[in-house]
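Take a look at the structure set out below.
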Amino acid sequence: MVAPHPLQLFLFIDRLASGRESLKQLQTQLLHFQAECPFDLDVIDVAEKPYLVEHFRIVATPALVKTQPAPRQTLAGHDLLGQLHHWWPEWQRQLQAGRPAEMTAAPLADSLTCTTEIVRLQDQIFQLEQEKKQLQGQVRFRDQILGMLAHDLRNPLTAIGIALETLELSQESRQEDGEPRLTPALFQQLVFQARRNTRVMDRLITELLQASKDGVARFVLTPAPVDLVGLVTEVVAQVLPTAAGRNLTLELDIPKELPPAFGDGERIRQVLINLLDNACKYTPPGGQISLSVLHRTTQKIQITVCDTGPGIAPENQERIFESKVRLDQSHGQEGYGLGLYLCRQIVQAHYGRIWVDSTPGEGSCFRFTLPVYRG
Ligand code: ADP
């Protein structure tokens, strides 16, 4: 660390205020003095560091504060240049007269501790502000996800309600001969509809619980609106050389009108890269990879990566998302069996779903959903 000069000055200025000419003269004079006798000069814009204004109790700008040698002295007012000329010889005299080491050591140490403390506090304020922004983003994300879940749950619930109501009405309004108005086939269909929708609700709730248990707890997301078109374009540009090197063609299908997704752009990028890397890795040369984006419902966007690789047998289609699972067919390819596991954690942290549809021998389609951002 460079030792500070025995003379330390702080010049407080307000860049927005008038009086630039006199400030310029003052700065020129200070430079002139600095050439004569080097000293430390910090120029502080009051708008940028209000805590320093507070600390040094500055009431007007420009102001010149001498912190070393002690005692601290503040010059301010319209004739700052004149005051500087007046005090400069006195400060020189003080410096030359010097002080016994034990007398100067304490104030110098004090001043340094004070400056270090200010810098530390400044860092802390910055970090707290970042944390606040992040927390606000997360609260907003949760609120929107709750809206999305409520919407997802309401659909099957409404279907169950309609089925039950129709059944009830048919029981009440029997025909004159005592027969219910519903045919046995229609009766069966309504019961089936109610049952199927309770299963849909059950699956949604299980997924939701799973997401809060695994994904959300493990990942701290920094959610923000994500421009998927831009993100996909960047990722594809990144993967293209690998695909071309393996003689694979890469097709894109992205709608022009796509709302932003709501999530952590960097994490979503990780998922896309993993899926495209796998498609490149496991598809034999000459094959085809396609990436498509679909605005599936008002609440969800679905992204699909398909390939013409070996495909995945039905009994392995869930397993491959577990940690360290690699299929026999993949030996010979680099990997640790963690990529898809990580993808699932990330997608679940977004309260989305990731799965694979595949026909062995024909290829695989990996799909995942993300929430739509609704401003
Ligand atoms: P890694 O690729 O590092 O082994 P992943 O978790 O990404 O790990 O994938 C797990 C396993 O799933 C792979 O080892 C492979 O057997 C299978 N797999 C993943 N993607 C594909 C694909 N596109 N086609 C066929 N099999 C795949």
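The values are calculated or read from the model by the stated rules, or taken from the named source; none is laboratory data. Keep in mind it's a predicted model, so treat the numbers as computed, not measured. Ideal geometry is used to build each Cβ from the backbone, glycine not excepted, and the neighbour counts take in all protein chains shown. To get the accessible areas, we keep the full protein, side chains included, count just its heavy atoms, and leave off ligands, DNA and RNA. Shrake-Rupley method; radii C 1.70, N 1.55, O 1.52, S 1.80 Å.
Order 221-229, 38-46 from most to least packed using the mean count of other Cβ atoms within 10 Å.
Packing proxy ranking, top to bottom: 221-229, 38-46.
Net charge near Pro156: determine it from the other residues with C-beta under 10 Å of the C-beta of Pro156, scoring Lys and Arg +1 and Asp and Glu -1. Could the numbers behind the result be given before it?
Working: positive: Arg154, Arg196, Arg199, Arg203; negative: Asp152, Asp202.
Every neighbour counted, the sum reads +2.
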If amide H atoms are modeled at 1.01 Å from N in the peptide plane, then the residues at a separation of 5 or more from Lys300, or on another chain, having amide H under 5 Å from its own are Val372
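Using the structure shown, list the pairs from Lys49/Lys132; Lys24/Lys66; Lys300/Lys324; Lys132/Lys281; Lys49/Lys133 with a Cα-Cα distance above 31 Å, or answer none.
Working: Lys49/Lys132 20 Å; Lys24/Lys66 19 Å; Lys300/Lys324 29 Å; Lys132/Lys281 41 Å; Lys49/Lys133 20 Å.
Going by Cα-Cα distance, Lys132/Lys281 fall outside the 31 Å limit.
With a ≥ b ≥ c the root eigenvalues of the C-alpha gyration tensor of segment 1-83, is it rounded (a/c under 1.5), prolate (a/b larger than b/c) or oblate? Show your work: numbers first, answer last.
Values: a/c = 1.65, a/b = 1.20, b/c = 1.38.
Because a/c hits 1.5 or more and a/b fails to exceed b/c, segment 1-83 counts as oblate.
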Ratio for the chain, C-alpha Rg to 2.2 N^0.38 Å, reads 1.66
Cα convex hull volume per residue for segment 297-340, in Å³, equals 119 Å³
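Between Arg140 and Glu21, what length comes free when the chain is fully extended (0.36 nm per residue of separation minus the Cα-Cα distance, one decimal in nm)?
On the way: separation 119, 0.36 × 119 = 42.84 nm, distance 4.87 nm.
Taking 0.36 nm per residue and subtracting the Cα distance, the gain is 38.0 nm.
Would you mind calculating the gained length between Thr198 and Gln96 on full extension (0.36 nm times residue separation, minus the Cα-Cα distance), in nm to one decimal?
Working: separation 102, 0.36 × 102 = 36.72 nm, distance 8.95 nm.
Extending this stretch completely gives an extra 27.8 nm.
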Nearest-0.05 FRET efficiency for Asp357 and Glu168 at R0 = 35 Å, using Cβ-Cβ distance, is 0.35
Rounded to the nearest 10 Å², the accessible area of Leu149 using a 1.4 Å probe with every protein chain kept is 30 Å²
Here the alpha-carbon Rg of segment 247-323 over 2.2 N^0.38 Å rounds to 1.23
With x for Gly and Pro, the residue-by-residue ³J(HN,Hα) of segment 205-210, computed from phi through the Karplus equation 6.51 cos²θ - 1.76 cosθ + 1.60 at θ = phi - 60° and given in whole Hz, is 5, 4, 4, 5, 5, 4
For the pair Val220 and Arg374, the simple spin-label estimate (label points 7 Å beyond Cα toward Cβ) gives in nm 2.9 nm
For 79-85, 266-272, ranked highest to lowest by mean beta-carbon neighbours within 10 Å, the order is 266-272, 79-85
Sorting Arg353, Arg199 on solvent-accessible surface, 1.4 Å probe, most exposed first, gives Arg199, Arg353
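What FRET efficiency comes out for the pair Thr297/Ile205, r = Cβ-Cβ distance, R0 = 25 Å, nearest 0.05?
So, using R0 = 25 Å, E works out to roughly 0.85.
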If every Lys and Arg gets +1 and every Asp and Glu gets -1 at its Cβ, then about the Cα centre the chain yields a dipole, in debye to the nearest 20, of 180 debye
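Using R₀ = 35 Å, calculate the FRET efficiency as 1/(1 + (r/R₀)^6) where r is the Cβ-Cβ separation of Tyr51 and Val229; round to 0.05. Write down the numbers at each step before the final one.
Values: r = 42 Å, r/R0 = 1.21.
E(calc), rounded to 0.05, equals 0.25.
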Charge dipole of the chain built from unit charges on the beta carbon (Lys, Arg +1; Asp, Glu -1), centred at mean Cα; most positive-end Cα among Ser330, Leu80, Phe56 is Phe56
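Just to make sure I understand: if all protein chains stay in place, what is the order of Glu322, Glu172 by accessible area at 1.4 Å, largest first?
Largest to smallest exposure gives the sequence Glu172, Glu322.
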